[in-house]
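Peer 1: Okay, here's the structure, questions in a sec.
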Amino acid sequence: MTEWENYRTQTAYNDALIKKLFAFQFANSYASLFYIAFLRGSNRQVFRNVGLEGLEDDCGMLNNCISELSIQLLVVMLLKPLPKFCKDVVYPFVKRFVDKTCLTRDQEDPETTPLMTRFILHEKRKPDLGNFTLEEYNEKVIQYGYQMLFAACFPLGPLLFFITLWVDKWIDAKRLLWMYRRPVAWIAQDIGPWYTILELINAVAVLTNACLIAFSAQYGRERPLVEQLIILIVFEHIVFVVKFIVANIIPDLPQKVKLAIKQESYKVEKEKAKKKKTT
């Protein structure tokens, strides 16, 4: 679809591709969790009204969907990285082992082939990383969403996210240095639409956690609707105010970095002035 839209620049193409990809990933990754959090425990009357009593779905005798949501999040956060691990680590390892043991016709003789030639051919046989940046950003942002959108019911999420990032950092370093062909580096002004996507997840996470506390958790589930709405509005406003204050107190660029940029700009302008005088 993005190919057919025929964007003029590569940046515009990448931005459109990222937005479409994240929209699909958001629906595929979080739809079941939103259903458990907000719909599964209160859909019995809906099924009865439409004459489908046999299709009633709830969260057990106690109708405690928060516990099921926590278990679902735990399973997803532990198992979701496994397919990527198999694709990024296990498959290249098995392929390299098969190439070494079974495919001998393309192997060079160490005694007659120069070392540099053997090194170049070895690097050429490595698999290509593909769109490494897009895949990694997408994976990290989806994992970030798991531990942000439902933090109220799964406080262990940030710890699992940190452990996953630490392991993935080590795996990606091995992939870039030894297992895959070294990618070509491209200069980028910033992270593009990923910053806006992260801001969107933060905003949605505030509303999601407020709704979990007000409507789904045991603390607010049995309260009247008016009290639930008060809890929702108060929690949401407090968190947004704190977020706004922290975002404005902490600068985007440290003062040392700003000073270094000004010094570099001054030196560049000074060199330009010298060149004009000499010419």
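The values are calculated or read from the model by the stated rules, or taken from the named source; none is laboratory data. What you see is a predicted model; the values in this text were computed from it and never measured. Every residue, glycine as well, gets a Cβ built from its backbone with ideal geometry; the counts of neighbours run over all protein chains shown. Calculation scope for accessible area: heavy atoms of the full protein, side chains included, ligands and nucleic acids excluded. Shrake-Rupley method; radii C 1.70, N 1.55, O 1.52, S 1.80 Å.
Peer 1: Accessible area per residue, 1.4 Å probe, Å², for the chain: what's the number?
Peer 2: On the way: 20060 Å² over 279 residues.
Averaged over the residues of the chain, the accessible area is 72 Å².
Peer 1: Counting only the heavy atoms of the protein chains, how much of Thr278 is accessible to a 1.4 Å probe, in Å² to the nearest 10?
Peer 2: Thr278 has an accessible surface of roughly 120 Å² with all protein chains in place.
Peer 1: Same structure again: Sequence-distant or interchain residues sharing an amide H contact under 5 Å with Leu129, placed H: which?
Peer 2: Close amide H contacts, sequence-distant or interchain: Arg181.
Peer 1: Quick check for me: using +1 on Lys/Arg Cβ and -1 on Asp/Glu Cβ, what's the dipole size of the chain about its Cα centre, in debye to the nearest 20? The partial results should precede the final answer.
Peer 2: Working: 36 positive and 30 negative charges, 317 e Å.
Rounded to the nearest 20 debye, it is 1520 debye.
Peer 1: Within the chain, what's the longest stretch lacking trypsin sites (Lys or Arg not before Pro) that sit in DSSP loops with no more than 13 other Cβ atoms inside 10 Å? Let's see the in-between values first.
Peer 2: Working: sites that count: Arg8, Arg105, Arg181.
Here the longest run is 182-279.
Peer 1: OK, next. Could you put Thr9, Thr101, Thr164, Thr2 in order of accessible surface area, largest first, with the 1.4 Å probe and the full protein assembly present?
Peer 2: Values: Thr9 55, Thr101 75, Thr164 35, Thr2 10 Å².
From most exposed to least exposed: Thr101, Thr9, Thr164, Thr2.
Peer 1: Another question about this same structure. Compute the acute angle (0 to 90°) between the alpha-carbon long axis of helix 193-211 and the principal axis of greatest extent of the alpha-carbon atoms of the chain; round to the nearest 10°.
Peer 2: 20 degrees
Peer 1: Still on this model: Taking only Cα atoms and a 10 Å spring cutoff, compute GNM fluctuations for the chain and point out the largest among Glu264, Glu68, Glu236.
Peer 2: Comparing Glu264, Glu68, Glu236 in the GNM, the peak value goes to Glu264.
Peer 1: Note down the accessible area of Cys211, probe 1.4 Å, to the nearest 10 Å².
Peer 2: 30 Å²
Peer 1: Moving on to the next point. Which whole-number percent gives the relative contact order of the chain, counting Cα pairs below 8 Å spaced six or more residues apart?
Peer 2: Values: 158 pairs, mean separation 51.3, N = 279.
Over the chain, the number comes to 18 percent.
Peer 1: Which one is right for this structure if Cα Rg over 2.2 N^0.38 Å is calculated from it: [x] 1.00; [y] 1.41; [z] 1.13?
Peer 2: The listed entry that was calculated here is [y].
Peer 1: Rank Leu121, Leu73, Leu129 by mean-square fluctuation in a GNM of the chain with C-alpha springs under 10 angstrom and give only the top-ranked residue.
Peer 2: Of the options given, Leu121 has the highest mean-square fluctuation.
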